[in-house]
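To start, the structure under review is shown below, and the notes come after it.
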Amino acid sequence: MTPYAALLARTRTIHRPVGPVAYDCVKVIVVRDGSAILFSEFGQQPVTIGDVILLGANTLCGSEPEGHVSVTTIYADTDYVVDQVFWQYVGLLQDRLDAQGFANTVYTEPAQILRLGEDRAGMLMPWLDELVALSVDGRFVENFYRMQALWFSIAHVIAPFIKTSPIRTSPTQRARAWPVSPRHRRFAPLRGEARKVAELLRADLARRWSMGDLADEVHLSKSQVGRLFAGSSQLRV
């Protein structure tokens, strides 16, 4: 069984256009070399060395390299990120469940380009390379604390560039938090059917959807829809 990984990092060079794709995790993409045009919720934007792209979960993004673009991408589990938000603002929040809504309020822009500059982004390269090496190594239990330390070092540099909204907390607080079951993450792109089901649920929150109703909408069997979402967070709205 593959160990659970809250973080993964990979480096690659892209020479051909990549169509819009979404993941159910947070992505931090550091441009190391070359340039590209990105297509996402921020519209069409150029990126080059020294830029960092921040993508929230379920955010579509595509790219068209201008010749080539080399990037290191960090995939961060959404539950892991919410936990960090909770501990960062623990003085304002009652429990972890409040952290989810709080994060949605503060980080309202799901797709951002952070213009760090080549010199500042250069500080990240040794940490990124080590994080990639540890991810490829695959010993997530043994490397857990080192991978966290590397992530915190990277986050400390990019955090001041992230756009946030005014902090607001809920007037009512929950008494306790309910933990979720661990997931064995592949950090793979979301299937189109998963995105459509999530959009259907968001569009009609009052409706009591059955598995059969959802299956009919996305032209899958009920068992296929069940497998599509089993053990994942893709159905969260």
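Brief remarks on what is shown
- Globularity index of region 36-121, i.e. its alpha-carbon radius of gyration over 2.2 N^0.38 Å: 1.28
- In the assembled protein chains, Val81 presents an accessible area of approximately 40 Å² (probe radius 1.4 Å).
- Over region 1-72, the pair-distance histogram of Cα-Cα distances with 10 Å bins from zero comes to 20, 53, 22, 5, 0 percent, rounded to whole numbers.
- Accessible surface of Phe140, taken over heavy atoms with a 1.4 Å probe and every protein chain present, rounds to 30 Å².
- Whole-Å distance, taken between Cα centres, linking region 68-111 and region 25-42: 19
- Taking amide H positions as modeled 1.01 Å from N, with prolines and chain starts lacking one, the residues under 5 Å from Glu66 and 5 or more places away or on another chain are Ser35, Ala36, Ile37.
- In straight-distance terms, cross-link reach from Lys222 covers every one of the lysines whose alpha-carbon lies under 24 Å from its own, apart from those fewer than eight places away in the same chain; here that gives Lys196.
- Dipole magnitude for region 89-171: about 260 debye, using +1 per Lys or Arg Cβ and -1 per Asp or Glu Cβ, origin at the Cα centre.
- Accessible area of Lys222 in the full protein assembly, 1.4 Å probe (Å², nearest 10): 130
The values are calculated or read from the model by the stated rules, or taken from the named source; none is laboratory data. From a predicted model like this one, the values you see are computed outputs, not experimental measurements. Don't worry about glycine lacking a Cβ; one is built from the backbone with ideal geometry, like all the others, and counts go over all protein chains shown. With ligands, DNA and RNA removed, areas are computed over all heavy atoms of the protein, side chains included. Shrake-Rupley method; radii C 1.70, N 1.55, O 1.52, S 1.80 Å.
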